[in-house]
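The values are calculated or read from the model by the stated rules, or taken from the named source; none is laboratory data. Note that the structure is predicted; figures quoted are calculated from it, not measured. Please note: Cβ atoms are built from the backbone with ideal geometry, for glycine as well, and neighbour counts cover all protein chains shown. These accessible areas exclude ligands, DNA and RNA; they are computed on the full protein's heavy atoms, side chains included. Shrake-Rupley method; radii C 1.70, N 1.55, O 1.52, S 1.80 Å.
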Amino acid sequence: MSSDETKKESLTKFPRLLISILSLVGFGIMVYLTYIHFAEASSVCDINEKLSCDAVTTSIYSEIFGIPISIMGLGYFGLTFLLAIFQRTKAFYQTIFYLTVFVLIPSYYFTALEAFVIKAFCILCETSKILMILIAVTSFFAMKEKFTVVFRMAMPVIIAGVVVAGVTYFAQTSIVAKKDYTPFVEALNEKGLVYYKSYTCSNCKKQEQMIGPAYKKLNSVECHPKGPNGNPQLCLDRGIEHTPTFLIEKDGEVIKKIEGVQKLPDLAKWAGVPVEKLEE
């Protein structure tokens, strides 16, 4: 190893300084997205149904094994910043480049989900990916390696990233209903059940995935003012404090109320629907 590769680099050298700044900006974005995920508060980029950080960060695809994706983003940007400060040799750029390539692949899997599944885009999420690309490009040129060498070294990293994206997909879709629960939903409707939800509610997304596409046939009310056919006033009138909430209503009066994600057998029992309806 040459002396140029082992000697300490100045913190103010342009590529290292730029990576540090990009990492700090990305870290700040991830802190904010993590807050939105847990607080279910309206974000500054909740513009409409198609451009909504809220819809993305509270979807079932915003987590893997119960861990918010934004926390993993915190880990990436935090690590790149710390490496920029403490790994002062030129090998730093190689570490950053291959790490970023690895992380970018599952990141763009999430972009595909935004486009084709969630049907809403998170401006801040996509901004963080632009920051990652800038970090990758900066580190690539700072490495001063031939493209063919870098490409050959990157192939195992790319394959690993694809594997992680695949594992993430199967982990996130494991709770999706495997059958048609239309008879069950129709029985709930007959009992006077009304489902109060919010398009920014992560638990609502989980509940809907458990029921499958049949959830669209539920008698439901959107409580978020920016959500599809939002009716926040009705939610206030019904005393809805959390979503999801299920009410049994008759002639405009609330008979029963239950809050939170419900297992389908428990929901059937609570609503007085025969469990056999789950088997039809």
Write out, first by first residue and then by second, each pair whose Cβ atoms fall under 7 Å of each other, whose residues are 6+ apart or on separate chains, and whose first residue, in the stretch 250-273, is surrounded by 13 or more Cβ atoms within 10 Å (Cβ to Cβ) while the second is hydroxyl-bearing (S, T, Y).
-> K257/T245; E259/T245
Since V56 meets every condition but one in (1) surrounded by 17 or more Cβ atoms within 10 Å (Cβ to Cβ); (2) closer than 30 Å to E145 by Cα; (3) among the β-branched types (V, I, T), which condition does it not meet?
-> (2)
Leading residue by the ranking (farthest from K129 (Cα to Cα)) among those in the stretch 26-53 that are at pLDDT below 80 and touching a Phe, Trp or Tyr at 6+ places or on another chain (Cβ under 9 Å) = A41
Spot the failing condition for R88; the list is (1) touching a residue at least 40 places away in the same chain (Cβ under 8 Å); (2) in a helix (DSSP H, G or I); (3) not hydroxyl-bearing (S, T, Y), and only one is missed.
-> (2)
Members of the stretch 220-230 found to be modelled with pLDDT under 95 and either among the aromatic types (F, W, Y) or farther than 11 Å from C204 by Cβ (or both), listed by number = P225, K226, P228, N229, G230
In the stretch 1-25, residue modelled with the lowest pLDDT [restricted to those that are open to solvent by 70 Å² or more (accessible area, probe 1.4 Å) and of a type in the set (K, R)] = K7
In this structure, is Y169 within 20 Å of K216 (Cβ to Cβ) and aromatic (F, W, Y)?
-> no
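Given the criterion open to solvent by 70 Å² or more (accessible area, probe 1.4 Å) and hydroxyl-bearing (S, T, Y), identify the matching residue among Y35, Y61.
On the way: Y61 fails: open to solvent by 70 Å² or more (accessible area, probe 1.4 Å).
Sole residue among the options that is open to solvent by 70 Å² or more (accessible area, probe 1.4 Å) and hydroxyl-bearing (S, T, Y): Y35.
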Of the listed residues (K50, K8, K13), the one being touching a Ser or Thr at 6+ places or on another chain (Cβ under 9 Å) and on the phi < 0 side of the Ramachandran plot is K8
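Considering every residue within the stretch 121-131, establish whether at least one is touching a Lys or Arg at 6+ places or on another chain (Cβ under 7 Å) and open to solvent by 40 Å² or more (accessible area, probe 1.4 Å). Reasoning before the result, please.
In the first step, residues of the stretch 121-131 are kept if they are touching a Lys or Arg at 6+ places or on another chain (Cβ under 7 Å); the result is 121.
Remaining after also requiring open to solvent by 40 Å² or more (accessible area, probe 1.4 Å): 121.
Yes: the stretch 121-131 contains one or more residues that are touching a Lys or Arg at 6+ places or on another chain (Cβ under 7 Å) and open to solvent by 40 Å² or more (accessible area, probe 1.4 Å).
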Name the residue, out of V254, V194, that is among the hydrophobic types (A, V, I, L, M, F, W, C) and farther than 23 Å from T58 by Cβ.
-> V254
Could you check, for the stretch 195-206, whether at least one of its residues is over 19 Å from I69 (Cα atoms) and in contact with a Phe, Trp or Tyr (Cβ under 8 Å, 6 or more places away or on another chain)?
-> yes
Could you check, for the stretch 129-146, whether at least one of its residues is of a type in the set (D, E, K, R), in contact with a helix residue (DSSP H, G or I) (Cβ under 7 Å, 6 or more places away or on another chain) and either without any contact (Cβ under 8 Å) to a residue 40 or more places away in the chain or in a helix (DSSP H, G or I) (or both)?
-> yes
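On the basis of being at pLDDT below 85, surrounded by fewer than 19 Cβ atoms within 10 Å (Cβ to Cβ), out of contact with any strand residue (DSSP E or B) (no Cβ under 9 Å at 6 or more places or on another chain) and at negative phi, does A91 make the cut?
So A91 fails the test.
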Which one of these does V117 not meet: (1) assigned to a helix (DSSP H, G or I); (2) over 21 Å from T168 (Cβ atoms); (3) at pLDDT below 95; (4) not aromatic (F, W, Y)?
-> (2)
Among helices (runs of 4 or more DSSP H) completely within the stretch 178-280, the ones holding 3 or more residues that are touching a helix residue (DSSP H, G or I) at 6+ places or on another chain (Cβ under 6 Å) are 182-190, 202-211, 264-271
